[in-house]
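Below you'll find the structure, written out as structure tokens, and then a few comments.
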Amino acid sequence: GSHTCALTTTGGVKCWGYNAGGQLGDGSNTTTSTPVDANGLTSGVSAIALGLEHTCALTAGGGVKCWGYNNFAQLGDGSTDTRLTPVDVSGLTSGVSTLSSGRFFTCVRTAAGSAKCWGSNSNGQIGDGSTTDRSAPTDVSALSSGVTRMATGYFHACALTAAGGIKC
């Protein structure tokens with residue numbers, strides 16, 4: 001989504017590139033070709049996922065933080081307010097094992113093996129049987145357990161199940 005981020009060996013997040021939506025997480029919307037630290041995330045992060053003008057991080061404690069453009073509630077903090085620095089995703093301060101971001105939405109696999117998604121749902125990418133945008137993590141129908149991996153695309157999401165099947 002016009003920006004790049006790196007996870008450092010110490011668990012920090014550095015981002016660079018286009019920053020009109022605040023997706024670099026440094027408290028500004030200034031575009032830069034030089035990596036900048038995402039505020040408050042210089043350590044303790046185990047994974048990152050980038051969408052279109054938003055970024056999310058999985059903390060070592062299993063929590064999720066997101067930042068950037070938020071017009072479709074893709075930051076999961078219950079609002080549609082753009083955030084220039086990382087904010088906690090509602091209800092996901094622990095218990096998450098993987099994350100993946102699509103165009104304007106993000107999905108996670110919980111440690112219990114369920115799938116949750118939030119943000120833009122114009123094409124049903126949240127997986128709750130509707131096309132209503134979701135501002136907080138929402139359970140994916142038929143994926144309350146047995147999920148081993150999640151992947152997202154532009155307007156879709158898929159999960160690999162423990163039985164070896166794929167649901168999208």
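Tabulated results
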{"quantity": "Pair list, Cβ < 9 Å and 6+ apart or interchain, from segment 70-96 residues that are closer than 16 Å to residue 108 by Cα and among the acidic types (Asp, Glu) to residues that are open to solvent by 30 Å² or more (accessible area, probe 1.4 Å) and outside any loop (DSSP other than H, G, I, E, B)", "calculated": "77/83; 77/87; 77/88; 77/135; 77/136; 88/65"}
{"quantity": "Verdict on residue 81 being of a type outside the set (S, T, N, Q), more than 17 Å from residue 117 (Cβ to Cβ), open to solvent by 10 Å² or more (accessible area, probe 1.4 Å) and in a loop (DSSP other than H, G, I, E, B)", "calculated": "yes"}
{"quantity": "Hits in segment 84-105 - residues which are out of contact with any Asp or Glu (no Cβ under 7 Å at 6 or more places or on another chain) and not in a strand (DSSP E or B)", "calculated": "91, 92, 93, 94, 95, 102, 103, 104"}
{"quantity": "Selected residue [part of a loop (DSSP other than H, G, I, E, B) and more than 15 Å from residue 84 (Cβ to Cβ)] from 34, 42, 30", "calculated": "42"}
{"quantity": "Condition check for residue 26: touching a Lys or Arg at 6+ places or on another chain (Cβ under 9 Å), modelled with pLDDT of 95 or more and more than 25 Å from residue 133 (Cα to Cα)", "calculated": "no"}
{"quantity": "Any chance residue 44 is at pLDDT 95 or above and within 20 Å of residue 151 (Cα to Cα)", "calculated": "no"}
{"quantity": "Condition check for residue 155: of a type in the set (Phe, Trp, Tyr), open to solvent by 50 Å² or more (accessible area, probe 1.4 Å) and free of Cβ contacts under 8 Å to residues at least 60 places away in the same chain", "calculated": "yes"}
{"quantity": "Residue match in segment 77-94 (condition: closer than 17 Å to residue 157 by Cα and modelled with pLDDT of 95 or more)", "calculated": "no"}
{"quantity": "Options 145, 114; residue that is among the polar types (S, T, N, Q) and either open to solvent by 30 Å² or more (accessible area, probe 1.4 Å) or farther than 15 Å from residue 168 by Cα (or both)", "calculated": "145"}
{"quantity": "Test: residue in segment 67-75 that is in contact with a strand residue (DSSP E or B) (Cβ under 6 Å, 6 or more places away or on another chain), at pLDDT 95 or above and not in a loop (DSSP other than H, G, I, E, B)", "calculated": "yes"}
{"quantity": "Enumeration of residues in segment 55-66 that are buried (at least 22 other Cβ atoms within 10 Å of the Cβ) and either part of a loop (DSSP other than H, G, I, E, B) or in contact (Cβ under 8 Å) with a residue 60 or more places away in the chain (or both)", "calculated": "none"}
{"quantity": "Members of segment 123-151 that are part of a loop (DSSP other than H, G, I, E, B) and either free of Cβ contacts under 8 Å to residues at least 24 places away in the same chain or under 17 Å from the mean Cα position of the chain (by Cα) (or both)", "calculated": "124, 125, 126, 127, 128, 129, 130, 131, 132, 133, 140, 141"}
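The values are calculated or read from the model by the stated rules, or taken from the named source; none is laboratory data. Computed from a prediction, not measured in an experiment: that's the story for all the values here. Glycine also receives a Cβ, built like all others from the backbone with ideal geometry; neighbour counts cover every protein chain displayed. All accessible areas refer to the heavy atoms of the entire protein, side chains included, with ligands and DNA or RNA removed. Shrake-Rupley method; radii C 1.70, N 1.55, O 1.52, S 1.80 Å.
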